[in-house]
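Q: Have a look at the structure that comes next, please.
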Amino acid sequence: MLCYKSNLNINIYGMGNPSLISKSHKGDNPLLQYVLNNSLREHPVLTKLRLRTMEDPRKGMMVAAEQAQLMANLLKLIKGNKTIEIGMYTGYNTLSMALSVPEDGKVVACEIEEKYINISKPFFAEAGVENKVNIRQQPALTTLDELLQAGEAGTYDFVFIDADKNNNENYYEKSLQLLRKGGIVAIDNVLWGGRVINPEESDTTSQSIDELNKKIHKDKRVDLSMLPVGDGLTLAIKL
């Protein structure tokens, strides 16, 4: 692989496939499979939930196991206790976070689709974390506003954003209000299958993701890393 830096742009050649992003559960990348074989430590109930989610037609929405484990380790590193997930889906990452916070910790899980909530609940119960998970079946912005109105600004340790992409900027701003200093907001799908590069005029979703990526890059309220993990994961630490 040949890599050089020019005008603050990193150019990479010799990778074979121009796409550097994929999720391990797609099963199409032997290098990612190697990563899982040599690093993934998945709770047995997480494994069951992942396999159940793979039966769903929209399984591509599931967070990659390697992403979930990274965020779980970050939670432990910052001694996270209060977390929010914006866009729970079947609850794979929700369960991962609930397993990572202390017994008195909590995960506020935002999800509007009842069928996914119904999939998640038996797995939360089996893992013994149902008391840690507070599912809010309503628009996530409503939940975030309720938390702010309840005086919870500056009290959360970690927020994961993985919902409707056109609302990501609103989610980001409200998440920063809810986070304590040193807290982390993680944003999924920031590379959007590569479509963030010169998005088409009609592709408003790719445009909104690209605009938020650029905004966070300039945002002096946070430190950040954008990682080519899964479909792209941004980690922003509130200063």
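Q: Return 231, 145, 56 ranked ascending by Cβ neighbour count within 10 Å, so the fewest neighbours appear first.
A: With the sparsest Cβ surroundings first, the list reads 145, 56, 231.
Q: Run down the lysines and flag those whose C-alpha is under 20 Å from the C-alpha of residue 214, throwing out any fewer than 8 positions away in its chain.
A: Here the lysines satisfying the reach criterion relative to residue 214 are 5, 165, 174, 238.
Q: When only DSSP loop residues count, what trypsin sites (Lys or Arg not before Pro) in region 67-124 have their Cβ near at most 11 other Cβ atoms within 10 Å?
A: Here the trypsin sites (Lys or Arg not before Pro) that fit, given the DSSP loop and packing criteria, are 79.
Q: Moving to a separate point now. For the chain, set up a GNM with springs between Cα atoms under 10 Å and report which of 201, 169, 114 has the largest fluctuation.
A: Looking only at 201, 169, 114, the largest GNM fluctuation is found for 201.
Q: Provide the per-residue ³J(HN,Hα) series for region 184-194, in order, calculated from phi with Karplus coefficients 6.51, -1.76, 1.60 and θ = phi - 60°, each as a whole number of Hz, with x at glycine and proline positions.
A: 10, 10, 10, 10, 8, 6, 6, 9, 6, x, x
Q: Take every DSSP beta bridge whose two residues both sit in region 24-238, then give the antiparallel share in percent to the nearest 5.
A: 40 percent
Q: Restricting to Cα pairs below 8 Å that are 6+ residues apart, what does the relative contact order work out to for the chain? Please round to a whole percent.
A: Reported relative contact order: 17 percent.
Q: Moving on to the next point. Using +1 at the C-beta of Lys and Arg and -1 at the C-beta of Asp and Glu, which of 196, 89, 228 has the Cα lying farthest in the positive direction of the dipole of region 24-238?
A: Of the listed residues, the answer is 228.
Q: For residue 78 and residue 121, compute 0.36 nm times the residue count separating them, minus their Cα-Cα distance, and round to one decimal in nm.
A: Separation in residues times 0.36 nm, less the Cα-Cα distance, equals 12.8 nm.
Q: Could you check which residue among 86, 112, 184 shows the biggest mean-square fluctuation in a GNM of the chain with a 10 Å Cα cutoff?
A: 112
Q: Given +1 on the Cβ of Lys and Arg, -1 on the Cβ of Asp and Glu, and no further charges, what dipole in debye does region 24-238 carry about its Cα centre, rounded to the nearest 20?
A: 640 debye
Q: Grab the other residues whose beta carbon is less than 11 angstrom from that of residue 182, score K and R as +1, D and E as -1, and report the net.
A: Taking every other residue near residue 182 into account, the sum is +2.
Q: Which residues in region 112-143 place their backbone N less than 20 Å from a point set 7 Å from the Cα of residue 221 along the Cα-to-Cβ direction?
A: 140-143
Q: Exposure proxy check: 135, 237 ranked by fewest other beta carbons within 10 Å?
A: Least to most surrounded, the residues fall as 237, 135.
Q: Full-extension gain between residue 195 and residue 153, please, as 0.36 nm times their residue separation minus the C-alpha to C-alpha distance.
A: Here the answer is 11.7 nm.
Q: Here is a further query. Along each of the three principal axes of the Cα atoms of the chain, give the extent in whole Å, ordering the values from largest to smallest.
A: In descending order, the Cα extents are 50, 38, 36 Å.
Q: Ok, one more. Taking every pair of Cα atoms in region 63-132, average 1/r, invert it to obtain the Kirkwood radius, and report Rg/Rh to two decimals.
A: For region 63-132, the value is 0.94.
Q: A follow-up question, please. Hey, fewest Cβ within 10 Å first, where do 221, 52, 136 land in order?
A: 221, 52, 136
Values in this text are rule-based calculations from the coordinates and carry no lab data. Remember, predicted model here, so these are calculated numbers, not experimental data. Here Cβ is always computed from backbone atoms with ideal geometry, including for glycine, and neighbour counts include all displayed protein chains.
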